[in-house]
Amino acid sequence: MRVWGIFFSLWCLLAPAVFPATERSPHELYDAIKSLRIDSSNVYRIAPANHIQLRRGDAVLSFEDGRLAFFFPLDGQITGAVFSGRGHVLAAPRDPVEKQQMGRFLGAPVLDQEFINGYLRFTDDTAGELLRQFRAANLAAQAEASVGTQWDAPVTQMNPNYTIRILFDRLSPNPKPCFYAGLEGAATGPFDVVLDAQRDEQFLLGQIHKAGGKTFYDVWTSHRVLDSPVFPVAFRAMHYSIETSISLNNSLDATASVRLRAESGTERVLSFQLSRALTIDSVTGELGESLPFFQNEGVSLQERSARGNDFLDVVLPQPPAVHQEFTLHFHYRGNVIQDAGNGVLFVGARESWYPHFGDSAEFSSYDFLLRWPRKLRLIATGAKLEEHEEGEFRAGHWKTEKPMSVAGFNLGEYASASVASGAYSIDVYANRELEEDLRKRLTSQNAEAFSFPSARFGSVATVHPVGPLAPSPRPADALKQLGKEIDSSIRFYETFGGPFPFRNLNVSPIPGSFGQGWPSLLYVSTYSFLPSEAQQRAGLSTAGQEHFTELVPYHEVAHQWWGNVVAWSSYRDQWIDEAIANYLAVLFADTKKNPDRTLRVWLTRYRQQLVEKLPGATEAAGDIGALTLGTRLNSSKSPNAYEEIIYSKGSWIIHMLREMLRQPGARNPDARFTALLQTLVTKYAYRALSTDDLQHEVEAVMTPGMDLEGGRSMEWFFEEWVRGTGIPHYRVEFTAHQTEKGYQIRGRLFQTGVPRSFIASVPLYAGGAGHSALLGMVVAAGPETSFHFVAPSLPHKIVVDPHMTLLCTSE
């Protein structure tokens, strides 16, 4: 999950202003920019009466009292300034989602505080704007050597983080301005103000924050600036050709050729994702010419950890013409294969073991050759064309049959089992032994208890070994049964998404408590290969055992459609694929008719997760933030909120849509819901699906009962459940009087826990001895809604939504 990488990488890559041409090489220019320091002869003393301000996006920065000094110019252009003294910043986002986040981090939906120091870097007209204000205020530059001395060490430390950004501005023939301010707030400590025309969301406020021994980047707000232009992508990757040789010590030596197409004809810098564990030896063009590149220049290890996967930036001699295709060749080496001990290997950098261009919605073709030690078995995405021995090694050739957004592989000393099933086949692989950490815990003779935090998979289970320990289980024992269950899940999912999109599915193990579903290749947690007794000894709670047994493998199978065929548009839309994949996995679990693992049980568990407070949190999970915040939900205040909210609330949202579209009594009650999902897979195959797109497709099939606000719109639903927070709580008061026509029931429905504008169609049932009958639907609007029904018998009580069609709690 690329949390800070989504923001920081876009800030550090690409943007601009007009600069004169230079004959210096990109690396020489990089060094010149990085070495810039404060010009002690260009210092301005600001007094409160001067009113020096900068308006950037939704923020107004006021420099009220102190000294502002510019950087030395480079080729006549000033790219930075520093400030010491007293300043003030005021910023208020317009979007309700962003206001909620500002309030969560700052205590109010507005940033309004003083700052005492500021480090500014820019490629816009900030220097000119400040100089014009200084002239209007009759301020003249002064020479103050102490300012340069004061700022020399901080500037030396901070410059490398922004040098690449400024460099690419200088290299771009179509510059787009950017502004960065690192301010030392009097109340919050250091924080950032960013306005970058190259970012999809140009405006950003946030700060680095440490909690629980970890470093987070808390995004207070990130959003588009009103009326800002939308720039087309500059390049697209058309095809990857990769040749990788894995040595006996598991390191790799590889070449990759990436065929690209210029879309804008205005850019000459390309940014690729590449693991920090790999070192680039060379990047060359089609004629073998060496191209300048920058691999994580100036990024510290701590920053790399915050950014996630690393980046490689390549500079072309000039911008290619629109629609011109060209190929870049990379030679690199390193080790992305991790050893979990006891002979268990796995690929750590699963999406960045090669120079990967683009995001989840960019689909390309792949052709790759892999060579690896003969004692190991290797599996990969795509169709395997052939495999043969080469002395101590084996070599194989894979090629994609359909476009893919990512390619991957896994390897180990595997046992395997196969299931042939008509149009596709399934190959399941398992390590012959357990990874060392898991083996130790399962064979521990220590009388002391040990704990395993299973995060969203259930509460922490504490295990006390008692009596003789059972022998360690063998993951390979689960192969055949797991293969059969995965085959069953594919057949089940084909009802909703159409034919399985690949000819073969490889299922491979990975240490830890997570899984991933790459195109035709699953990475499934070792826990899913273990029997429940071993899972319990390993520290999983009962809920955790059920999760790894009933959901994890099948959730990843569902991603073969939802993620690998239908992609997401941005981090704000990733919830759709995760929610649909998880809900379908829950529906598949429900088909097994296990009373402890029914749809109702899972929905109850997810609802409980949303109304409970996460460890260390001050609010319930359902109040942390909207689904459209995506990975931004994880922060120093809620490190695991993404998983807690996206899967639980997302599944409930898909369930509510299914229930609203449901036709009770029909031959196929889910016909409309099934048609909706089939439309999504067909219409958005191999491209991005956004939240707005989903709303549009739901509106195309909505029923009259879903039109709560009129106009055949589902805006109410998406605003409240997808872009909103909170879980409604309902309470009913009623009276009943017998009449000639039956019992006249009058009452009030009270709604709390959500904004006053929240509306919902709430089913009310007359509860009796062992049964309930629908009285009707009440559209709850605001804190209190009156209702009136006539019932044939006297209800002992009125029950709110006993069939769980609505995410809510009630008394």
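The values are calculated or read from the model by the stated rules, or taken from the named source; none is laboratory data. All values reported here derive from a predicted model rather than from experimental measurement. Here Cβ is always computed from backbone atoms with ideal geometry, including for glycine, and neighbour counts include all displayed protein chains. The area values use the complete protein model at the heavy-atom level, side chains included, leaving out ligands, DNA and RNA. Shrake-Rupley method; radii C 1.70, N 1.55, O 1.52, S 1.80 Å.
Note down all Cβ pairs under 8 Å where the first residue falls in region 484-496 and is polar (S, T, N, Q), the second is open to solvent by less than 50 Å² (accessible area, probe 1.4 Å) and modelled with pLDDT of 95 or more, and they're at least six residues apart or on different chains.
Hits for this filter: SER488/PHE588; SER489/PRO553; SER489/TYR554; SER489/VAL557; SER489/ALA558; SER489/ALA585; SER489/PHE588; THR495/THR674.
Answer yes or no as to whether THR752 is open to solvent by 70 Å² or more (accessible area, probe 1.4 Å), farther than 16 Å from VAL97 by Cβ and of a type outside the set (Gly, Ala, Ser).
yes
Would you check which residues across region 549-576 are among the polar types (S, T, N, Q), more than 17 Å from ILE646 (Cα to Cα) and at pLDDT 95 or above and list them?
Answer for region 549-576, where residues must be among the polar types (S, T, N, Q), more than 17 Å from ILE646 (Cα to Cα) and at pLDDT 95 or above: GLN560, ASN564.
Within the bounds of region 75-93, is there any residue that is of a type in the set (Phe, Trp, Tyr), touching a Phe, Trp or Tyr at 6+ places or on another chain (Cβ under 8 Å), open to solvent by 10 Å² or more (accessible area, probe 1.4 Å) and not in a loop (DSSP other than H, G, I, E, B)?
no
Hey, could you check region 538-548 for residues that are surrounded by 24 or more Cβ atoms within 10 Å (Cβ to Cβ) and outside any loop (DSSP other than H, G, I, E, B) and say which is modelled with the lowest pLDDT?
Checking each candidate, the answer is GLY544.
In region 350-375, what residues are assigned to a loop (DSSP other than H, G, I, E, B), open to solvent by 10 Å² or more (accessible area, probe 1.4 Å) and hydrophobic (A, V, I, L, M, F, W, C)?
The answer is ALA361, PHE363.
Inspect region 28-50 for any residue being more than 36 Å from the chain's Cα centre (by Cα), among the hydrophobic types (A, V, I, L, M, F, W, C), more than 30 Å from LEU270 (Cα to Cα) and open to solvent by 20 Å² or more (accessible area, probe 1.4 Å) and give the result as yes or no.
Within region 28-50, one or more residues are more than 36 Å from the chain's Cα centre (by Cα), among the hydrophobic types (A, V, I, L, M, F, W, C), more than 30 Å from LEU270 (Cα to Cα) and open to solvent by 20 Å² or more (accessible area, probe 1.4 Å).
For ARG597, work out the one condition from (1) within 24 Å of THR752 (Cβ to Cβ); (2) over 20 Å from the mean Cα position of the chain (by Cα); (3) open to solvent by 30 Å² or more (accessible area, probe 1.4 Å); (4) touching a residue at least 12 places away in the same chain (Cβ under 8 Å) it doesn't fulfil.
Just one mismatch for ARG597, condition (1).
Report the residue count in region 139-182 for those that are open to solvent by 70 Å² or more (accessible area, probe 1.4 Å) and under 22 Å from VAL60 (Cα atoms).
0
Could you grab me the full set of residues in region 393-438 that are open to solvent by 80 Å² or more (accessible area, probe 1.4 Å) and assigned to a helix (DSSP H, G or I)?
Residue satisfying the conditions is ASP437 alone.
Restricting region 183-207 to residues that are open to solvent by 30 Å² or more (accessible area, probe 1.4 Å) and either of a type in the set (D, E, K, R) or in a strand (DSSP E or B) (or both), which is nearest to PRO317 (Cα to Cα)?
ASP200
Which one is nearest to the chain's Cα centre (by Cα) among residues in region 536-576 that are more than 29 Å from HIS223 (Cβ to Cβ) and small (Gly, Ala, Ser)?
Per the stated criteria, the residue is ALA558.
Applying the selection to region 375-390, what residues are more than 30 Å from HIS559 (Cα to Cα) and free of Cβ contacts under 8 Å to residues at least 12 places away in the same chain?
Within region 375-390, just HIS388 meets the criteria.
Inspect region 208-216 for any residue being under 16 Å from THR126 (Cβ atoms) and not in a strand (DSSP E or B) and give the result as yes or no.
Among the residues of region 208-216, not one is under 16 Å from THR126 (Cβ atoms) and not in a strand (DSSP E or B), which makes the answer no.
Considering each residue of region 684-711, count those that are of a type in the set (Gly, Ala, Ser) and part of a helix (DSSP H, G or I), and give that number.
2
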